[in-house]
Ligand code: GDP
């Protein structure tokens, strides 16, 4: 069996175990490193298709080169990551990077349970960082923090270990102030990011390394060592010791919730139907046997397959060839193909159960924001998405 076939088999196995799924978004102020991070995570997880990577034995560097920009147009990319001897399926859903698309960011937030908020260490928390925090927290999406471009603090600003730490503490304190102010009432304390428990990491997306306090303790690498690696232009070795993919995906698995955990508290916020109904209970429990409930987050056109609707399955299972109902458009459609993602590639399958991200071919007329259910079991629509945009800045 080729590596690709094995990986696809693994994804198809994991999609039935929501405990081992993480649906996440990466969000950031423009230029803080969202694209670089997404591309390098995908390359590091070995999810670049063989055609793109040359062949499976190609050097890491070539993989990274091939990865550049690959996540930009993808509605979703998926990775398999091993953590504590278990494999996890990590679906990274695209969240548009520009504030003009504030509505799209919110829509994408609806498909995820957790967010990696990227903050540039040089600029710190910026207005759009605040906006993305607000968008995530309003949708009950739990955040973790990645402080990026730490190499620049060392190589350009020449900060000493203590100054580095102070800079991080300031960013963390500001992030926690936002979380405290905007998180759901019962999550304000639980969702605070904490440098000691590893829900904050710092590193360089560009140079492919990241670290957090628990990993510093395990690896014996301290701030002084990091400064030396950067000063000596030896970040490549640092990237081998503390690869960004390991650290960041480890943080995602450990600190961001699975659909099983998150749907229980998220569904009442995003769907105002009756939770006691069969469909309500299926969504609360991520039950793949219950009535179908899909929320579409992105529609794109594929040269060969036509319209592809990507969305989150909250309840039930969507099956290839089944007749579905588009609640908002009051129209029936046939799900000609259903698929999941392998890296940035769509892979068709027979069924996609609750807790996953699905790509549906044939849902003609579906638009982002649409609710899809069984043709024979109509359900209430997901709640309308409120547009959250940038605070208005008046220039005198
Ligand atoms: P996005 O707008 O958030 O997607 O940001 P990009 O990923 O496109 O990054 C913006 C710029 O910052 C690009 O020129 C990247 O090469 C650069 N960049 C990203 N991460 C790092 C980093 O860790 N260190 C340095 N020095 N540059 C970085």
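Data table
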read-out: Where labels lie 7 Å past Cα in the beta-carbon direction, separation of residue 165 and residue 194 in nm; value: 1.9
read-out: Extended-chain gain in nm, criterion 0.36 nm per residue less alpha-carbon gap, residue 185 and residue 13; value: 58.3 nm
read-out: 222 nm mean residue ellipticity, helices alone, for the chain (DSSP H n ≥ 4; -39,500 (n - 2.57); rounded to 500); value: -10000 deg cm²/dmol
read-out: Neighbour-count order for 283, 251, 216, 7, fewest beta carbons within 10 angstrom listed first; value: 216, 7, 251, 283
read-out: Space enclosed by the convex hull of the alpha-carbon atoms of the range 152-229, per residue, Å³; value: 103
read-out: Approximate spin-label separation residue 375-residue 234, in nm, with each point projected 7 Å along Cα-to-Cβ; value: 6.6
read-out: Cβ-derived FRET efficiency at R0 30 Å, residue 367 paired with residue 126, nearest 0.05; value: 0.45
read-out: Rel. contact order, % - alpha carbon contacts under 8 angstrom, at least six apart, the range 110-257; value: 26
read-out: Distance cut-off 15 Å, percentage of C-alpha pairs in the range 181-276 lying past it; value: 68
read-out: The range 276-346, relative contact order [Cα under 8 Å, separation at least 6], %; value: 24
read-out: Ranked 191, 271, 209, criterion: other C-beta atoms within 10 Å, fewest first; value: 191, 271, 209
read-out: Crossing angle, helix 161-182 versus the chain [Cα axis fit, 0-90 degrees, rounded to tens]; value: 30
read-out: Acute angle (nearest 10 degrees) that the helix 34-44 long axis makes with the longest principal axis of the chain, alpha-carbon atoms; value: 90
read-out: Pairwise FRET efficiency - residue 323 versus residue 383, Cβ, R0 = 25 Å, nearest 0.05; value: 0.50
read-out: Tail weight of P(r) past 15 Å, computed on alpha-carbon pairs of the range 233-294, percent; value: 62
read-out: Most to least packed among 237-247, 307-317 [average Cβ atoms within 10 Å]; value: 307-317, 237-247
read-out: Diffusion constant of the range 206-251 at 25 °C, which comes from Stokes-Einstein with the Kirkwood Cα-pair radius and 0.890 mPa s, µm²/s; value: 234
read-out: The chain: angle of helix 3-14 to the longest principal axis, Cα-based, in degrees nearest 10; value: 60
read-out: Equivalent-ellipsoid semi-axes of the chain, from the Cα gyration tensor, Å, largest first; value: 35, 24, 18
read-out: Quarter of the Cα convex hull surface for the range 86-232, i.e. its orientation-mean projected area (nm²); value: 9.7
read-out: Contact order normalised by residue count of the chain, Cα under 8 Å, 6+ apart, percent; value: 18
read-out: Rg to Rh quotient for the range 249-396, alpha carbon positions, Kirkwood Rh; value: 1.02
read-out: Gain upon complete extension [residue 303, residue 218; 0.36 nm per residue less C-alpha separation]; value: 25.7 nm
read-out: Rounded Å value of the spacing that divides the Cα centres of the range 304-340 and the range 175-205; value: 36
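FYI, it's all coordinate maths here, none of it is from the lab. No experiment lies behind these values; they were computed from the predicted model shown. Positions of Cβ are generated from backbone atoms using ideal geometry, with glycine treated the same way; all protein chains shown enter the neighbour counts.
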